[in-house]
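The values are calculated or read from the model by the stated rules, or taken from the named source; none is laboratory data. Note that this is a predicted model, so its numbers are computed, not measured. Note that each Cβ is placed from the backbone with ideal geometry, even for glycine, and that neighbours are counted across all protein chains shown. SASA here: full protein model, heavy atoms, side chains in, ligands and nucleic acids out. Shrake-Rupley method; radii C 1.70, N 1.55, O 1.52, S 1.80 Å.
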Amino acid sequence: MQVPLLDLKAQYATIKDEVLAAVSEVLESQRCIGGPKVAELEEKIAAISDSRFAVGVSSGTDAILNSLMSLDIGVGDEVITTPFTFFATVGCIARAGARPVFVDIDPKTFNIDPALFESAITEKTKVIMPVHLFGQMSDMDPIMEIANKYNLAVIEDAAQSITSTYKGRKAGSIGTAGCFSFFPSKNLGGIGDGGMIVTNDEQLYERLFVMRNHGSKPKYYHKYIGGNFRLDAVQAAALLVKLPHLNEWSQGRRHNAAYYDKRFAGTVIKTPYINPDCVTIYNQYVIRVPRRDEVAAYLSEKNIGCAIYYPVPLHLQECFSYLGYKEGDFPESEKAAKEVLAIPVYPELTDEQLQYVASKIEEFVR
Ligand SMILES: *Cc1c(COP(=O)(O)O)cnc(C)c1O
């Protein structure tokens, strides 16, 4: 049996005709950038995210970069975030000219530990950037409390968590801005790169909107230095076809996760901890196992896809050596990097595939 980590062909097969028709409509119109599809998608993503405004952008990375630039974050500023995330979170902070400041994670959720970061705040701190990793939101109440106390902006990196909730509140809607990615492997994935920023702040919305097109307003007059952060119309068209399925796909992922949870209970396999305040969308189902690399090799041998998100915490990446961090600075992030393993959880998995994955893992760790 073959079980990939993610099977986008299986998903595509269920919506192929609609996607082709929607893409064809854009091609016939030859309005390839921006336009009505992008506006419609923005409206719908704002609505499902309980946010007033949304700005479609070229990627999740550019959603983060545009948010930082639109908040005038740059040289001399510090942004607090987690070292246990995808590179883009921290790459954008550095590209904006600011200094990334790391705080360790809560080992249960893999998200930034709010109990730790008040001591990381200095007079240069401008932003806190929690990352809602693997589909589960960060513990937002204490984050917002500290942010408000020190008058800091909060940018939610919700690239992996569109529509997930914390105390009934949607990802992206709690902070100053929320950033989504439509990279194909995200829960709502396009047919290429794409992203979106949501916010309830009208002034910020206007700035984000202008910044995505070189800061131009009116055309050829530049009060700000923006970028080309625009979203393609074909992406919006494909995403509009997929959007009505998002909840049922997330439900399918939760169903598969529940199967593993039950099956692995009482074994040495540590299943994901979900905060009772949260509803996760399981962008990844991440277990901790002893002899992780051997388990991963064994699964590959058995034609089961798996992946390590993420093998090297950001404070130990070569490009960030100038920040002066060293091994041992963030022990929980470093430990997680050695133990985590993402296994297939995508909604189209069959019962046979689920059972096969679970039994192969059990077989190895027994
Ligand atoms: C995917 C991802 C991004 C970047 O999104 P892209 O669309 O790939 O640019 C940023 N942060 C996190 C946590 C991600 O998972």
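Quick one: what pairs do we get from the stretch 136-159, first residue under 17 Å from V79 (Cα atoms) and of a type in the set (G, A, S), second outside any loop (DSSP other than H, G, I, E, B) and open to solvent by 10 Å² or more (accessible area, probe 1.4 Å), C-beta under 8 Å, 6+ apart or different chains? Matching pairs, first to second residue: S138/P114; A147/A153; A153/K126.
Of all residues assigned to the stretch 74-83, none qualifies as being within 16 Å of the ligand (Cβ to nearest atom) and surrounded by fewer than 24 Cβ atoms within 10 Å (Cβ to Cβ). Counting just the residues of the stretch 279-318 that are touching a residue at least 24 places away in the same chain (Cβ under 8 Å) and small (G, A, S), which one comes out nearest to F264 (Cα to Cα)? Among those that are touching a residue at least 24 places away in the same chain (Cβ under 8 Å) and small (G, A, S), it is A296. Restricting the stretch 267-325 to residues that are hydroxyl-bearing (S, T, Y) and assigned to a loop (DSSP other than H, G, I, E, B), the residue that is surrounded by the fewest Cβ atoms within 10 Å (Cβ to Cβ) is Y273. Test G60 against the stated conditions and say whether it is open to solvent by less than 20 Å² (accessible area, probe 1.4 Å) and touching a residue at least 60 places away in the same chain (Cβ under 8 Å). For G60, the condition - open to solvent by less than 20 Å² (accessible area, probe 1.4 Å) and touching a residue at least 60 places away in the same chain (Cβ under 8 Å) - is met.
Of all the criteria given as (1) of a type outside the set (D, E); (2) over 30 Å from I105 (Cα atoms); (3) in contact with a helix residue (DSSP H, G or I) (Cβ under 6 Å, 6 or more places away or on another chain), the one not satisfied by P83 is (2). Pairing each residue of the stretch 319-345 that is modelled with pLDDT of 95 or more with any residue that is among the acidic types (D, E), provided the two are 6+ apart or on different chains, yields C-beta distances under 6 Å for F330/D104; E332/D104; S333/D104.
Quick one: in the stretch 84-100, of everything that is crowded, with 24+ Cβ neighbours inside 10 Å and of a type outside the set (S, T, Y), which residue is farthest from the ligand (Cβ to nearest atom)? Step by step, filter the stretch 84-100, then rank; the result is I93.
Here is the figure for the stretch 194-233: residues that are under 28 Å from M140 (Cα atoms) and among the charged types (D, E, K, R) total 5.
Pairs are defined by a Cβ separation below 6 Å, a sequence spacing of at least 6 or placement on different chains, a first member in the stretch 233-259 that is touching a residue at least 60 places away in the same chain (Cβ under 8 Å), and a second member that is of a type in the set (D, E) and surrounded by fewer than 17 Cβ atoms within 10 Å (Cβ to Cβ); the pairs so defined are V241/E18.
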